[in-house]
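Reviewing the structure listed below.
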Amino acid sequence: MYAFGLCIDQQYLVPGLAALAGLAGSLTPAARREAAVRVLTLDLAPAQALLLADLAKRAGFGSFDLRRCAPLRSSRMADASYITVTTYLRFEFTPSFVRRPYLIYVDADVLVRGDVSEPLGALAPDETGAVRDEFNPTVGECPALPGAAERWPHLRGRPYFNAGVLWTHTDHMPRIRRGVEQALIHARRHILHNDQDALNLWLLRSGRVRPVAGGFNRFEVGRFLERGNWVRRVVTRSPKPDPAAALVHFVGPEKPWQADCPVTEEVVEYQRHLDGAMRHVRRLGAVGVEPAGAR
């Protein structure tokens, strides 16, 4: 019925493996057999692609496929401090590649705890499901989409969504790609957060967004509180860990598999999960696959 979509390059191979293991662990064996995994990449070597395929098979997913592709020619990297152009591949999933009625796109820097397929039940055929961004929740009141609210005043106060987890009907994906491409061509000066800003420009224009509950893309904020108190000013919820969240997203440059990442409750939880995923990987016979800069 649905496929999980991931965009993985060599830099994110290990967290991608952990995300795949987490998605498997969030489902019953029967649900895994019905689900598919689809991976897009710029640069994975054949042996690395085979490792992902082997892990998906061992985990019990019913189908796996991987494809090399290039991002949109109009892609604009306004912020490349820790993100690469691989981020634009999320718009390159096609119906012929996915071969399932629904796609659930998931970033690789996540901790999956629960079934993230639930929002599909409320999704209309022409909608994209997304969670409101915790750091940039409102157009015109945050750094995202600079100048857009001044150019189009009717957009001020509208919700701004995070692109780290998306739910969509497969036949709707070409329309999303065209909308994002038009935003990149005609509104480039409003792009700050790369593909996420481009996606939001299209969502604002089309209105085809289904807000999804925050627990399906909950930011881990403890790392930021280690560096300063600004998070308390922008996050409306309690900054404490949310044990009920189905998915925890490690946004920002500091990642939980890196040695210099602040050690918070959810970072420790992620590291336990990553250790378990790497044990699965080693049982597959993989050599030299370890987190870069691991503790």
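Where a number appears in this text, it was derived from the coordinates with a stated rule and is not lab data. Since the structure is predicted, the reported quantities are computational estimates derived from the model, not experimental observations. With ideal geometry, Cβ positions are generated from the backbone for all residues, glycine too; neighbour counts draw on all protein chains shown.
For the chain, modelled as a GNM whose springs connect Cα atoms under 10 angstrom apart, the maximal fluctuation among Thr84, Thr168, Thr41 occurs at Thr84.
Both radii were evaluated on the Cα set of the stretch 156-273; the Rg over Rh quotient, with Rh as the Kirkwood radius, amounts to 1.01. Close amide H partners of Ala3, meaning residues 5 or more places away or on another chain with modelled amide H under 5 Å apart, are Ala36, Tyr102, Leu103, Ile104.
With R₀ set to 35 Å, the beta-carbon distance separating Arg156 from Arg279 gives a calculated FRET efficiency near 0.10. Among Gly228, Gly147, Gly114, the largest mean-square fluctuation in a Gaussian network model of the chain, built with springs joining Cα atoms closer than 10 Å, belongs to Gly228.
Think of the stretch 1-88 as a dipole: +1 on every Lys or Arg Cβ, -1 on every Asp or Glu Cβ, centred on the Cα centre; then among Tyr2, Ala59, Leu27, Tyr2 lies furthest on the positive end.
From the convex hull of the Cα coordinates of the chain, what is the mean projected area in square nanometres? If I average the Cα hull's projected area over directions, I get 14.2 nm². The charge dipole of the stretch 67-106, taken about its Cα centre with unit charges on the Cβ of Lys, Arg, Asp and Glu (plus for the first two, minus for the last two), comes to roughly 220 debye. Using a simple spin-label model with pseudo-atoms 7 Å out from Cα toward Cβ, Arg178 and Val234 lie 3.4 nm apart.
Coupling constants for the stretch 114-128 follow from the phi torsions by the Karplus curve (6.51 cos²θ - 1.76 cosθ + 1.60, θ = phi - 60°), and in residue order they are x, 6, 8, 7, 4, x, 4, x, 9, 8, 6, x, 9, 10, 10 Hz; glycine and proline get x.
Based on DSSP, what percent of beta bridges with both residues in the chain are antiparallel, to the nearest 5? Please list the in-between numbers first.
On the way: 13 of 34 bridges.
Given both bridge residues lie in the chain, the antiparallel proportion sits at roughly 40 percent.
In whole angstrom, note down how far apart the Cα centers of the stretch 32-85 and the stretch 159-201 are. The stretch 32-85 and the stretch 159-201 have Cα centres spaced 19 Å from each other. Estimated from helices alone, the mean residue ellipticity of the chain at 222 nm is -9500 deg cm²/dmol (sum of -39500 (n - 2.57) over DSSP H runs with n ≥ 4, per residue). Here the Karplus curve 6.51 cos²θ - 1.76 cosθ + 1.60, taken at θ = phi - 60°, turns the phi angles of the stretch 254-268 into couplings of 8, 10, x, 8, 9, 5, 9, 6, x, 8, 10, 4, 6, 5, 4 Hz, with x standing for Gly and Pro. In a reduced charge model with +1 at each Lys and Arg Cβ and -1 at each Asp and Glu Cβ, the stretch 189-247 shows a dipole moment near 200 debye about its Cα centre. Coupling constants for the stretch 17-24 follow from the phi torsions by the Karplus curve (6.51 cos²θ - 1.76 cosθ + 1.60, θ = phi - 60°), and in residue order they are 4, 5, 5, 5, 5, x, 4, 4 Hz; glycine and proline get x.
Pairwise Cα distances in the stretch 74-119 exceed 12 Å for 73 percent of all pairs. Evaluated on the stretch 203-265, the Kirkwood hydrodynamic radius is 13.4 Å, with distances taken between all distinct Cα atoms. Largest GNM mean-square fluctuation across Ala130, Ala35, Ala122, computed for the chain with C-alpha springs under 10 Å, falls on Ala122. The C-alpha radius of gyration of the stretch 83-225, expressed as a fraction of 2.2 N^0.38 Å, stands at 1.01.
Positive end of the dipole of the stretch 172-277 (Cβ unit charges, origin at the Cα centre): among Gly252, Thr264, His172, the Cα lying farthest that way belongs to His172. Of all DSSP-defined beta bridges confined to the stretch 89-244, some 70% are antiparallel rather than parallel. Between rounded, prolate and oblate, where does the stretch 16-145 land on the alpha carbon gyration tensor, with a ≥ b ≥ c its root eigenvalues, rounded for a/c under 1.5, else prolate if a/b exceeds b/c? Oblate, since a/c reaches 1.5 and b/c is not below a/b.
Between Ser63 and Val37, the built amide H atoms are under 5 Å apart, and every one of these is 5 or more places off in sequence or on another chain.
Amide H to amide H distances under 5 Å link Gly129 with Trp167, Thr168, Arg210, where only residues 5 or more positions off or on other chains count and H is placed in the peptide plane.
Considering only DSSP beta bridges with both partners in the stretch 30-163, what is the antiparallel share in %, to the nearest 5? Could the numbers behind the result be given before it?
Numbers: 3 of 9 bridges.
In the stretch 30-163, approximately 35 percent of DSSP beta bridges are antiparallel ones.
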